[in-house]
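Chemist: Have a look at the structure that comes next, please.
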Amino acid sequence: RGKKPGESKVTIYRDRMLPKFPPLFYRWFLNHFPQPNQWFQARTAYCKTTSVWSMVGSVVGLGDRHGENILYDSTTGDTVHVDFACLFDKGHTLEVPEVVPFRLTPNMRDALGLTGVEGVYRKSCETTMSVLRNSKDTLMGVLETFLHDPLIEWYRREHGEKWEAGRIMKKIERRLCGFIENENIPLSVEGQVQKLVSQATSQENLASMYIWWMPWL
């Protein structure tokens, strides 16, 4: 059915798409890890690796996280990302700009277990972000090479190649200092994680994603 007059994207997403595609990912763990101890270990691995990718991806601006770019190890439950062509906030420049810091759809949250984004996932996010922030100088030193050897996309600009690379590095540095986009007050690790998770799970944000990103899965 087409969009009804006056029907918003978030209404379509919440009232029509989510009921049509209920979370089923938890069944994958039951099917692949039938023994209780195996299931528990696999789900814990899923929670931890998903949280690490979430935090690292949000810092370096990793986008284009549709279903084909996120894989799952059927022997361990680990989350594995592929295709890193959309780094450094390139997703913000797409025809339909990406508005979530990482992929954390209802289907993914359901597989986290009874506690959802709380418990193991949140604690792992906070631990990962703390390590990233404490390693800011080392990480920025590695990324600094892009100022002197910009990516192909930066070379294609007729003016301001170094400025563009520097602007991206400055945004990453701000994130490692606890800043959220468009805010001028640094947050604690816990506050930064809370803000990022809220942005990633917001129905308004998910409803605004490109259709083939499939935010209902």
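The values are calculated or read from the model by the stated rules, or taken from the named source; none is laboratory data. This structure is a prediction, so every number in the text was calculated from the model and none was measured. All accessible areas refer to the heavy atoms of the entire protein, side chains included, with ligands and DNA or RNA removed. Shrake-Rupley method; radii C 1.70, N 1.55, O 1.52, S 1.80 Å.
Chemist: Just the number please: accessible area per residue for the chain, 1.4 Å probe, all protein chains included, in Å².
Modeler: Details: 12260 Å² over 217 residues.
Solvent-accessible surface per residue comes out at 57 Å².
Chemist: Give the angle, between 0 and 90 degrees and rounded to the nearest 10, that separates the Cα long axis of helix 120-134 from the longest principal axis of the Cα atoms of the chain.
Modeler: Value to nearest ten degrees: 10.
Chemist: State, as an integer percentage, the relative contact order of the chain based on alpha-carbon contacts under 8 Å between residues 6 or more apart.
Modeler: Result for the chain is 29 percent.
Chemist: Show me, for segment 53-61, the HN-Hα J-couplings you get by feeding each phi into the Karplus relation (A = 6.51, B = -1.76, C = 1.60, θ = phi - 60°), rounded to Hz, glycine and proline as x.
Modeler: My calculation for segment 53-61 gives 4, 4, 6, 5, x, 5, 6, 8, x Hz in order.
Chemist: Would you pull out the residues with amide H under 5 Å of His81's amide H, same chain only if 5 or more places away, H placed 1.01 Å from N?
Modeler: Leu71
Chemist: Rounded if a/c is under 1.5, else prolate if a/b beats b/c, else oblate: with a ≥ b ≥ c from the C-alpha gyration tensor eigenvalues square-rooted, which is segment 1-128?
Modeler: Verdict is oblate for segment 1-128.
Chemist: Here is a follow-up. Would you mind telling me the share, in percent, of accessible area of segment 1-111 contributed by carbon and sulfur at probe 1.4 angstrom?
Modeler: Working: 3500 of 6050 Å².
Looking at segment 1-111 in its full context, I get 58 percent from C and S.
Chemist: Tell me whether the chain comes out rounded, prolate or oblate; compute the Cα gyration tensor, take square roots of the eigenvalues as a ≥ b ≥ c, and use a/c under 1.5 as the rounded threshold.
Modeler: Values: a/c = 1.82, a/b = 1.29, b/c = 1.41.
Taking the square roots of the gyration eigenvalues as a ≥ b ≥ c, the chain is oblate.
Chemist: Okay, next question. Classify segment 168-217 from the C-alpha gyration tensor, please: rounded if a/c falls under 1.5, else prolate or oblate depending on whether a/b exceeds b/c. Before the final figure, lay out each step's value.
Modeler: Details: a/c = 2.95, a/b = 1.88, b/c = 1.57.
In terms of gyration-tensor shape, prolate.
Chemist: Right, here's the next one. Got a sec to turn the phi values of segment 74-83 into Karplus ³J(HN,Hα) couplings, 6.51 cos²θ - 1.76 cosθ + 1.60 with θ = phi - 60°, whole Hz, x for Gly and Pro?
Modeler: Along segment 74-83, the couplings run 6, 9, 10, x, 5, 8, 10, 9, 9, 6 Hz.
Chemist: Still on this structure: In a GNM of the chain with a 10 Å cut-off on Cα contacts, which of Pro97, Pro23, Pro36 has the highest mean-square fluctuation?
Modeler: Greatest mean-square fluctuation among the candidates belongs to Pro36.
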